[in-house]
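Read the figures in this text as sums done on the coordinates, not as results from a lab. This structure is a prediction, so every number in the text was calculated from the model and none was measured. Because the Cβ atoms are built from the backbone with ideal geometry, glycine has one as well, and the counts that use them run over all protein chains shown.
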């Protein structure tokens, strides 16, 4: 009987001791990083290119970045044609006078809508970017077949009767016209939503989608037989990889 009472008293003592133990729950929050950078490949409704973005956190949910982006810009009336004057058919765009390359440089302000702590490695941001836009045009050089069976390389001129569609052999080498490039200064604006997913808190793997607007002081002559523009509006998507530190 004495052994039974002793055992019961021991079990009751363990229960009371267990009730006195306190467990403090500490939430596993992600680290807050002060800087980050990312590189990305961009595809938009008039071309493609690449970008670099770097900046720092102003607060937990706000970031200030700077961005450099280089993209090609095509005219909506560009259609490829095929020349069968050679054994291996070559493609070209009839009526294209200049190719356009655009360089963006500006500041980007981001706001975190949902961070990784709330969405388990998934983060959503909204951003707005703006700054100067520099348009670079390079004249188009083509290879033309002459009447005596020879071929010549000349800058395309829509007013030259010898530059008709049937006389085009193909495109000239890319370096032709580099010394004749012209500059068109302007401004750009972008706004988009970034969806980031990475199991590492300091890693960035993201897709950004949004709208992009480029405006220049005057129209940029890209095509000969179509209306050229000075304002370009595009939808874009960018795949990005980066790091926080």
Extension gain residue 233-residue 72, at 0.36 nm per residue separation less the Cα-Cα distance, in nm?
56.6 nm
Using 0.36 nm per residue, how much length does the chain from residue 218 to residue 88 gain when fully extended, once their Cα-Cα distance is taken away?
42.9 nm
Longest to shortest principal axis, alpha-carbon extents of the range 174-245, angstrom
51, 27, 21
Multiply the residue separation of residue 173 and residue 225 by 0.36 nm, subtract the distance between their alpha-carbon atoms, and state the gained length in nm to one decimal.
16.4 nm
FRET efficiency, residue 52 to residue 180 (Cβ-Cβ, R0 35 Å, nearest 0.05)
0.80
Ranked from fewest to most other Cβ atoms within 10 Å of their own Cβ, 109, 84 fall in the order 84, 109
Just need log10 I(q)/I(0) for the range 31-240 at q = 0.10, 0.12, 0.15 Å⁻¹, Debye formula, equal scatterers on the alpha-carbon atoms, no solvent, rounded to two decimals.
-0.55, -0.71, -0.92
For a Förster distance of 45 Å, can you work out the FRET efficiency between the beta-carbons of residue 109 and residue 155, rounded to the nearest 0.05?
0.55
